[in-house]
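Engineer: Starting off with a structure, shown below.
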């Protein structure tokens with residue numbers, strides 16, 4: 001049963017929404033084995049008792065908010081748990097392969113501190129050298145476990161992730177939008193005087209993602225990484241934090257978690273700002289699909305931007321400034337257009353203008369007709385244009 005207030009999918013027998021606490025039904029079913037109708041006894045037809053269902057207790061806002069926050073943190077923790085398990089498994093296999101574990105078992109504490117430190121440095125360096133493969137396996141494992149959790153709870157993962165269809169033209173805009181935003185952030189960071197320690201920690205952390213195995217890096221950083229992160233920090237976080245904390249608090253909180261997940265100070269800073277932008281995109285479209293496309297092309301831009309010369313980067317930077325502004329207005333400011341309404345198969349679009357909302361409702365009714373004509377669609381398009389002119 002979908003909540004009429006927030007759209008969350010609840011159990012069919014639920015009385016209150018599990019996300020926002022709104023009442024789902026005006027009538028309360030009688031308990032099993034108890035008849036809600038009057039019960040006559042003996043020779044008299046007068047009922048001696050009528051079942052009066054107990055008034056269910058509405059969950060408090062604090063309880064709902066705490067439960068939503070814990071659920072989000074558990075899912076994010078699952079991602080880090082998968083990464084830790086993959087890294088531990090890789091280190092164990094590496095130690096077994098190099099005979100380190102057998103040597104340690106035979107010699108006991110015979111290793112000197114220098115030898116132990118040298119072996120640890122080799123293991124850590126090996127992890128950095130193969131970080132792309134590790135992240136790819138960890139992200140795929142995280143995605144598998146998340147889908148499995150929802151399936152075991154008889155939930156549709158696509159609905160839980162808010163992975164709804166969006167106008168393909170919009171997706172093309174978000175692809176260019178993500179590229180332009182990456183150029184702005186990357187070039188701007190190169191001109192900001194930051195302490196060398198911060199820059200060095202950032203370069204060391206992400207040095208393993210610029211190795212020689214480019215196909216694996218593309219799969220891990222450009223495809224699998226954005227997919228899992230958008231599912232967690234927008235699809236799961238925003239759909240659970242929004243109904244209880246409110247839209248503004250959900251944007252800030254999900255963006256803060258998204259930034260902290262990136263570790264180094266530089267990455268935390270720009271990931272927090274990027275998280276706010278992605279959360280606003282999600283609020284507008286009620287789908288993580290535009291966020292995924294934006295995130296994929298944002299990450300992909302880093303691979304070709306660093307290979308440009310300083311002069312070429314400066315030209316691309318100044319071109320990206322008006323491009324990002326125009327795309328932000330087009331993708332967010334003018335949403336929705338009539339083509340977006342036609343592609344709103346999930347029924348997510350809501351507008352404040354009553355005339356446009358009436359057109360949206362007519363489009364949805366028209367979609368259910370098998371004999372809908374092009375003339376009817378064109379008439380609705382004209383109504384949409386007229387409503388926009390009046391506004």
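Engineer: Somewhere in segment 172-192, is a residue in a loop (DSSP other than H, G, I, E, B), within 23 Å of residue 347 (Cβ to Cβ) and touching a helix residue (DSSP H, G or I) at 6+ places or on another chain (Cβ under 6 Å)?
Structural biologist: no
Engineer: Answer with yes or no whether residue 344 is surrounded by 17 or more Cβ atoms within 10 Å (Cβ to Cβ), in contact with a helix residue (DSSP H, G or I) (Cβ under 9 Å, 6 or more places away or on another chain) and in a loop (DSSP other than H, G, I, E, B). Don't jump to the end; show me each part of the working.
Structural biologist: Details: surrounded by 17 or more Cβ atoms within 10 Å (Cβ to Cβ): yes; in contact with a helix residue (DSSP H, G or I) (Cβ under 9 Å, 6 or more places away or on another chain): yes; in a loop (DSSP other than H, G, I, E, B): yes.
Against the criterion (surrounded by 17 or more Cβ atoms within 10 Å (Cβ to Cβ), in contact with a helix residue (DSSP H, G or I) (Cβ under 9 Å, 6 or more places away or on another chain) and in a loop (DSSP other than H, G, I, E, B)), residue 344 qualifies.
Let's see how each residue does on (1) at pLDDT below 80; (2) touching a strand residue (DSSP E or B) at 6+ places or on another chain (Cβ under 8 Å); (3) loosely packed, with under 14 Cβ neighbours inside 10 Å:
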{"position": "59", "(1), (2), (3)": "yes, yes, no"}
{"position": "79", "(1), (2), (3)": "no, no, no"}
{"position": "91", "(1), (2), (3)": "no, no, no"}
{"position": "94", "(1), (2), (3)": "no, no, no"}
{"position": "102", "(1), (2), (3)": "yes, no, yes"}
{"position": "105", "(1), (2), (3)": "yes, no, yes"}
{"position": "109", "(1), (2), (3)": "yes, no, yes"}
{"position": "132", "(1), (2), (3)": "no, no, no"}
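Engineer: Exactly one condition in (1) farther than 30 Å from residue 144 by Cβ; (2) part of a loop (DSSP other than H, G, I, E, B); (3) at pLDDT 65 or above is false for residue 49; which is it?
Structural biologist: Against the list (1) farther than 30 Å from residue 144 by Cβ; (2) part of a loop (DSSP other than H, G, I, E, B); (3) at pLDDT 65 or above, residue 49 comes up short only on (3).
Engineer: Here's a follow-up. Given 282, 272, 233, which one is within 16 Å of the chain's Cα centre (by Cα), under 20 Å from residue 335 (Cβ atoms) and part of a helix (DSSP H, G or I)? Walk me through how you get there before you give the answer.
Structural biologist: Numbers: 272 fails: under 20 Å from residue 335 (Cβ atoms); 233 fails: under 20 Å from residue 335 (Cβ atoms).
Residue meeting the stated conditions: 282.
Engineer: Which condition does residue 335 not pass, out of (1) assigned to a helix (DSSP H, G or I); (2) closer than 23 Å to residue 165 by Cα, if it passes all the others?
Structural biologist: (1)
Engineer: Now, a different point. Can you go through 298, 317, 294 and tell me which one is out of contact with any strand residue (DSSP E or B) (no Cβ under 9 Å at 6 or more places or on another chain), part of a helix (DSSP H, G or I) and more than 15 Å from residue 171 (Cα to Cα)?
Structural biologist: Working: 298 fails: more than 15 Å from residue 171 (Cα to Cα); 294 fails: more than 15 Å from residue 171 (Cα to Cα).
So the residue among 298, 317, 294 that is out of contact with any strand residue (DSSP E or B) (no Cβ under 9 Å at 6 or more places or on another chain), part of a helix (DSSP H, G or I) and more than 15 Å from residue 171 (Cα to Cα) is 317.
Engineer: Is it the case that segment 276-295 has a residue that's within 19 Å of residue 185 (Cβ to Cβ), without any contact (Cβ under 8 Å) to a residue 40 or more places away in the chain and not assigned by TED's automatic domain parsing to the domain that holds residue 4? Walk me through it before giving the result.
Structural biologist: We begin by selecting, within segment 276-295, every residue within 19 Å of residue 185 (Cβ to Cβ); these are 276-281, 290-295.
Within this subset, residues satisfying the condition of being without any contact (Cβ under 8 Å) to a residue 40 or more places away in the chain are 276.
Keeping just the survivors that are not assigned by TED's automatic domain parsing to the domain that holds residue 4 gives 276.
Within segment 276-295 (the criterion being within 19 Å of residue 185 (Cβ to Cβ), without any contact (Cβ under 8 Å) to a residue 40 or more places away in the chain and not assigned by TED's automatic domain parsing to the domain that holds residue 4), the answer is yes, since at least one residue qualifies.
Engineer: Go through 332, 380, 366, 323 for me and flag whichever is in contact with a helix residue (DSSP H, G or I) (Cβ under 7 Å, 6 or more places away or on another chain), without any contact (Cβ under 8 Å) to a residue 60 or more places away in the chain and under 30 Å from residue 258 (Cβ atoms).
Structural biologist: 332
Engineer: Taking segment 255-272 on its own, how many of its residues are in contact (Cβ under 8 Å) with a residue 60 or more places away in the chain and closer than 19 Å to residue 292 by Cβ? If you could, list the steps in order and put the result at the bottom.
Structural biologist: Initial filter on segment 255-272 (in contact (Cβ under 8 Å) with a residue 60 or more places away in the chain): 257, 261, 264-267, 270.
Restricting the remaining residues to those that are closer than 19 Å to residue 292 by Cβ gives 257, 261, 270.
Adding up the residues that qualify gives 3.
The values are calculated or read from the model by the stated rules, or taken from the named source; none is laboratory data. As the structure is a computational prediction, the values presented were derived from the model and not from experiment. A quick note on method: Cβ atoms are made from the backbone with ideal geometry, for glycine too, and the neighbour counts reach across all protein chains shown.
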